[in-house]
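Taking it in order: structure first as structure tokens, then the write-up.
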Amino acid sequence: MKIMSLIKILPLILGGAIVIQARLNKTIAETNGLSTAGMINGVLVAVFAVAVFVLSYCYPAYFPEIIPFQKNKGQSFQWWYFLPGIIGFSLVMIIPLVIMGMGTLPVFLGIIAGQIIVSIFWDAYYDNIPIDSARVIGAVLTFVGAMLVVWKK
């Protein structure tokens, strides 16, 4: 399989993995507490992040250019570097709670809806990809399809 083919299906694979992660975190929360799920997730993320950092720092030629520490870029640390970690931790801790109250499908349809809305505006304002009728119609059709799936009779 060509690398580009794999890259094209990775979002689908990751989307499924996120559902599995949330459901497993919910199960851990029900048996051992949500703080346990958060701790296990956090420790594993830290271990893997340190491993990737150290390996890519020591052997940068084995990694894509974007992965190793960019010591020559001269960028100073920014306060917002904490936001992805805070958001990730919040997702690990909050999604299982919401699933307990609503079920898996409605939660992830809501997440997808939020992702679509933020993505449209992010693309427009930060990546200069215009908001056009095709993107808006696609987003609306996605919302309508999602509502049909979770509609209670």
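The values are calculated or read from the model by the stated rules, or taken from the named source; none is laboratory data. In this text the structure is predicted, and so the values were computed from the model without any measurement. Please note: Cβ atoms are built from the backbone with ideal geometry, for glycine as well, and neighbour counts cover all protein chains shown.
Residues that are among the aromatic types (F, W, Y) and closer than 30 Å to A146 by Cα do not occur anywhere in the stretch 66-87. When you check I116 against the structure, is it modelled with pLDDT under 95, in contact with a helix residue (DSSP H, G or I) (Cβ under 6 Å, 6 or more places away or on another chain) and among the β-branched types (V, I, T), yes or no? The answer is yes for I116. Restricting I40, I28 to those that are surrounded by 14 or more Cβ atoms within 10 Å (Cβ to Cβ), at pLDDT 95 or above and farther than 15 Å from I99 by Cα reduces the list to I40. Of the set (1) among the aliphatic types (A, V, I, L, M); (2) in contact with a Lys or Arg (Cβ under 7 Å, 6 or more places away or on another chain); (3) surrounded by fewer than 16 Cβ atoms within 10 Å (Cβ to Cβ), all apply to M147 but (2). Being over 26 Å from N25 (Cα atoms) and either touching a residue at least 60 places away in the same chain (Cβ under 8 Å) or small (G, A, S) (or both) is a property that holds for A61. Assess whether Y57 counts as being over 30 Å from L148 (Cα atoms), of a type outside the set (G, A, S) and either surrounded by 10 or more Cβ atoms within 10 Å (Cβ to Cβ) or modelled with pLDDT under 90 (or both). Yes.
Among residues of the stretch 121-142 that are of a type in the set (K, R), none has a beta-carbon under 7 Å from a residue that is at pLDDT 95 or above at least six positions away or on a different chain. The helices (runs of 4 or more DSSP H) located wholly in the stretch 40-153 that include 2 or more residues which are closer than 30 Å to R23 by Cα and under 17 Å from the mean Cα position of the chain (by Cα) occupy 83-102, 104-126.
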